[in-house]
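Q: First, the structure itself, so that you have it in front of you.
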Amino acid sequence: MNGRRHHDVTIVGAGAVGATLALALARQQCRVLLLDARPGPAAFPGADYADFAVSLNRASSAILARLGVWERIAGQRVSPYGAMELWDATGSGRIRFDSADIGEPMLGHFVEPALVEAALHEALAASPQVELRWSSRPAAIERERDRVRLDLEDGSDVHSALLVGADGGRSRLRELAGIEVREYDYGQQALVCHFATELSHGAVARQRFQPGGPVAMLPLADGRCHLAWFRPPQEAEELLALDDAAFAQALSRATDYALGAVTEVTPRRGFPVARRHAVQYVDRRLALIGDAAHTIHPLAGQGLNLGLLDAAALAHALGARGDVGAWSRLRRYARWRRAHNTAVMSAMDLFHFGFAHGGALRATARNLGLRLADRSGIAKRMVTRHGCGLAGDLPPLARPPAVGTGDGDPL
């Protein structure tokens with residue numbers, strides 16, 4: 001890296017995606033400044049689960065394993081799942097994706113984001129290549145030929161060869177850079193909580209498609225499920241207003257008693273669901289990763305997985321020598337990741353528009369499609385491998401290690 005600067009890369013946003021990029025670059029001997037608006041690092045969750053869980057596929061766990069933090073995460077708690085079942089509430093269409101069909105022990109894990117962040121922040125605090133600054137908010141950007149200056153709200157400024165925005169879907173850095181974003185409101189709210197059922201989930205993720213939006217039951221290691229229930233806004237508000245007993249009854253009906261009756265629910269919260277896609281991932285001396293570049297419909301839980309792939313791909317594109325802010329390197333990253341992210345976003349939209357809306361003809365078509373897909377053999381195994389992050393044009397950090405190598409094996 002260029003030795004004339006104190007920092008080679010400044011990253012705004014110390015969430016899981018920004019922290020992953022910082023640690024990956026530090027392993028490449030890059031000097032990194034990581035800024036975040038929060039007052040301090042994430043804390044490891046206590047005995048009670050946080051109210052939100054995300055899916056980590058095998059590519060994501062491989063990234064975290066190679067960066068030396070997966071063992072710390074798994075030592076706290078993770079919830080592996082071996083299969084996923086999808087079915088349509090309007091008919092008999094059903095499909096099951098099973099890790100055994102592709103010779104793997106699991107499809108992925110459900111984990112609390114705070115746990116991932118805490119493990120990454122702990123590793124970063126021990127890295128001499130990384131400087132962490134909390135309570136730091138960007139105020140202005142000024143770019144020059146070979147560097148970029150970021151002014152902060154506290155009156156200080158920082159200089160680096162490259163500035164990276166990892167500060168979420170409402171990215172302040174993206175706004176300061178003048179990068180436009182295309183946004184679509186799905187007209188849904190996602191309701192989240194944890195719930196217990198009469199029957200065991202068996203480490204299987206389940207999703208039932210209903211008119212208006214799906215309901216997902218995601219298995220947790222303590223025997224409960226995490227809920228992701230997508231409903232139109234007015235109905236979502238009515239559900240949030242129910243007491244625990246009434247909500248449990250409504251959820252039992254919505255899940256078609258797939259695990260028997262819902263016996264216990266935790267406090268609920270809801271948030272709007274929207275798609276955002278930056279018109280460009282890179283600009284002069286600047287790159288966007290994670291939700292700052294794209295947010296997708298969360299029905300398949302791919303948001304964090306895409307962001308971690310962004311981080312791994314950008315680290316690989318920047319390399320370990322030369323000008324990390326060079327346009328050729330940024331363009332390589334943008335071409336690589338935009339194509340994949342766009343394909344996944346389109347697939348999620350296909351599911352959303354195909355299943356959330358009614359009509360007898362559409363219901364017949366999708367039920368037939370699910371039944372045919374479930375019997376497709378080779379095609380279904382290919383989809384399973386891609387979905388759990390074992391196939392495709394993966395960055396080196398995300399490639400599952402060869403059996404017997406011990407190279408950061410996430411299993």
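The values are calculated or read from the model by the stated rules, or taken from the named source; none is laboratory data. Computed from a predicted model, the values in this text were never measured in an experiment. So basically every Cβ, Gly included, is an ideal-geometry build from the backbone, and we count neighbours across all protein chains shown. Ligands, DNA and RNA are excluded from the accessible area calculation, which covers all protein heavy atoms including side chains. Shrake-Rupley method; radii C 1.70, N 1.55, O 1.52, S 1.80 Å.
Q: Looking at the stretch 136-191, which trypsin sites (Lys or Arg not before Pro) are in a loop (DSSP not H, G, I, E or B) and have at most 12 other Cβ atoms within 10 Å?
A: Arg145, Arg170
Q: Quote the charge dipole size of the stretch 197-280 about the Cα centre in Debye, to the nearest 20; the model charges only the Cβ of Lys and Arg (+1) and of Asp and Glu (-1).
A: That gives a dipole near 460 debye.
Q: Now, a different point. Label Arg27 and Ser92 with points 7 Å out from Cα along Cα→Cβ: what is the distance between them in nm?
A: Reported label-point gap for Arg27 and Ser92 is 4.9 nm.
Q: How much of the accessible area of the stretch 20-172, in percent, comes from carbon and sulfur atoms when a 1.4 Å probe is used?
A: Solvent-exposed carbon and sulfur of the stretch 20-172 make up 47 percent of the total.
Q: Given +1 on the Cβ of Lys and Arg, -1 on the Cβ of Asp and Glu, and no further charges, what dipole in debye does the chain carry about its Cα centre, rounded to the nearest 20?
A: Using Cβ point charges on Lys, Arg, Asp and Glu, the chain gives about 1500 debye.
Q: Work out Dmax and Rg for the chain from the C-alpha atoms and quote the Rg first, both in angstrom.
A: 21.5, 66
Q: Which one of Asn57, Ser79, Leu67 is farthest out on the positive end of the charge dipole of the stretch 50-90, using unit charges on Cβ (Lys, Arg +1; Asp, Glu -1) and the Cα centre as origin?
A: The residue sitting farthest along the positive end of the dipole is Leu67.
Q: Can you run phi through the Karplus equation (6.51, -1.76, 1.60; θ = phi - 60°) for the stretch 99-105 and list ³J(HN,Hα) in whole Hz, with x for Gly and Pro?
A: 4, 5, 5, 10, x, 10, x
Q: At a 1.4 Å probe radius, carbon and sulfur cover how many percent of the accessible area of the stretch 200-302?
A: 50
Q: Enumerate the calculated ³J(HN,Hα) couplings along the stretch 273-280 in order (Karplus 6.51 cos²θ - 1.76 cosθ + 1.60, θ = phi - 60°), each rounded to whole Hz, writing x wherever the residue is Gly or Pro.
A: Residue by residue, the stretch 273-280 yields 10, 9, 9, 10, 9, 5, 5, 8 Hz.
Q: Follow-up question, since we're still on this one. Whole-Hz Karplus ³J(HN,Hα) for the stretch 128-145, in order, using 6.51 cos²θ - 1.76 cosθ + 1.60 and θ = phi - 60°, x for Gly and Pro?
A: Result, ordered by residue: x, 7, 10, 10, 9, 10, 9, 6, 10, 10, x, 10, 7, 10, 9, 9, 10, 4 Hz.
Q: To continue, here is another question. Which one of Leu163, Val130, Thr295 is farthest out on the positive end of the charge dipole of the chain, using unit charges on Cβ (Lys, Arg +1; Asp, Glu -1) and the Cα centre as origin?
A: Leu163
Q: Tell me the label-point distance for the pair Ala47, Glu180, using the 7 Å Cα-to-Cβ offset, in nm and rounded to one decimal.
A: Here the modelled spin labels are 5.5 nm apart.
Q: Right, another one. Skipping prolines and chain starts, which residues have an amide H placed within reach, meaning under 5 Å, of the one on Val262, given they are 5 or more residues away or on another chain?
A: Under 5 Å from the amide H of Val262: Ser252.
Q: Using only DSSP helix segments of four residues or longer, with each worth -39500 (n - 2.57), what per-residue ellipticity at 222 nm results for the chain after dividing by its residue count and rounding to 500?
A: So the helix-based figure for the chain works out to -10500 deg cm²/dmol.
Q: Would you mind getting the accessible area per residue of the stretch 225-305, heavy atoms of the protein chains only, 1.4 Å probe, in Å²?
A: 39
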